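Comments concern the structure below.
The values are calculated or read from the model by the stated rules, or taken from the named source; none is laboratory data. These numbers were taken from a predicted model, which means no experiment stands behind them. All Cβ positions, even for glycine, are placed from backbone atoms using ideal geometry, and neighbour counts span all protein chains on display.
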Amino acid sequence: MFPFRYLKATDEQAALRAAAAGARYIAGGTTLVDLMRETVERPDSLVDINALPYRWIDVRPGMIRVGSLVRMSDLAAHPVVRQQVPVISQALELSASAQLRNMASIGGNLLQRPRCLYFRDVSAACNRRAPGTGCSAIDGCNRSQAILGTSRHCSATHPSDLAVALVALDAVVVSRGPPGSGDLRWRSSSASQVTLRTASTTSIRAS
């Protein structure tokens, strides 16, 4: 490992202020900690956001709202989710072990980094890890990658099973940006671009 600062955000504004270059948010940390051990990620500081009030599941007529800090196991086990949108429970339960589901957050699952072996090998060229170095997977071991030929920049697939289920349900995802930027809202028409296109850099405009 390597030295880094640990910060605990007590509210949303503190978390946004801490989002400087070289900082990474951490909730469950099930992926980030492994990437740090492998030196794929080398953040200057970790911002713990577990104290933020986003660990809720709000059920309303025709709508289920989920906070980004809800754990995968809690969402998968929710009785209304299991009854009305079982594809969510199935996607979550098939995506990780029980131990990981108890730790991993919904937001972290949607925003996790690629699982491509070249992304996780710091000696290999990878545009997602080191922009401009190339993509080793295009001419390398790519059997489990995305459809080749759509991009010369990256052939990694999106690693979130939950994201695919959300696209199928035409879900709306709201992302909070820095002060003054407003909220970003996207649904399946743009979510599918982010989820299904390789090396996507699609801009998501506020609605």
Subset of the stretch 37-67 that is touching a residue at least 12 places away in the same chain (Cβ under 8 Å) and assigned to a strand (DSSP E or B) - its residue that is farthest from the chain's Cα centre (by Cα): V59
Criterion (surrounded by 14 or more Cβ atoms within 10 Å (Cβ to Cβ), in contact with a Lys or Arg (Cβ under 8 Å, 6 or more places away or on another chain) and at pLDDT below 90) met by exactly one of L46, L16: L16
Test set (1) touching a Phe, Trp or Tyr at 6+ places or on another chain (Cβ under 7 Å); (2) among the β-branched types (V, I, T); (3) exposed (fewer than 14 other Cβ atoms within 10 Å of the Cβ) - T10 fails condition number: (1)
Number of the condition not met by V70 [criteria: (1) in the same structural domain as R17 (by TED's automatic domain parsing); (2) touching a residue at least 24 places away in the same chain (Cβ under 8 Å)]: (1)
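Okay, residues lined up against (1) closer than 28 Å to A98 by Cα; (2) β-branched (V, I, T):
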| residue | (1), (2) |
| --- | --- |
| D11 | no, no |
| D44 | no, no |
| I49 | yes, yes |
| L52 | yes, no |
| W56 | yes, no |
| V59 | yes, yes |
| S68 | yes, no |
| H78 | yes, no |
| Q83 | yes, no |
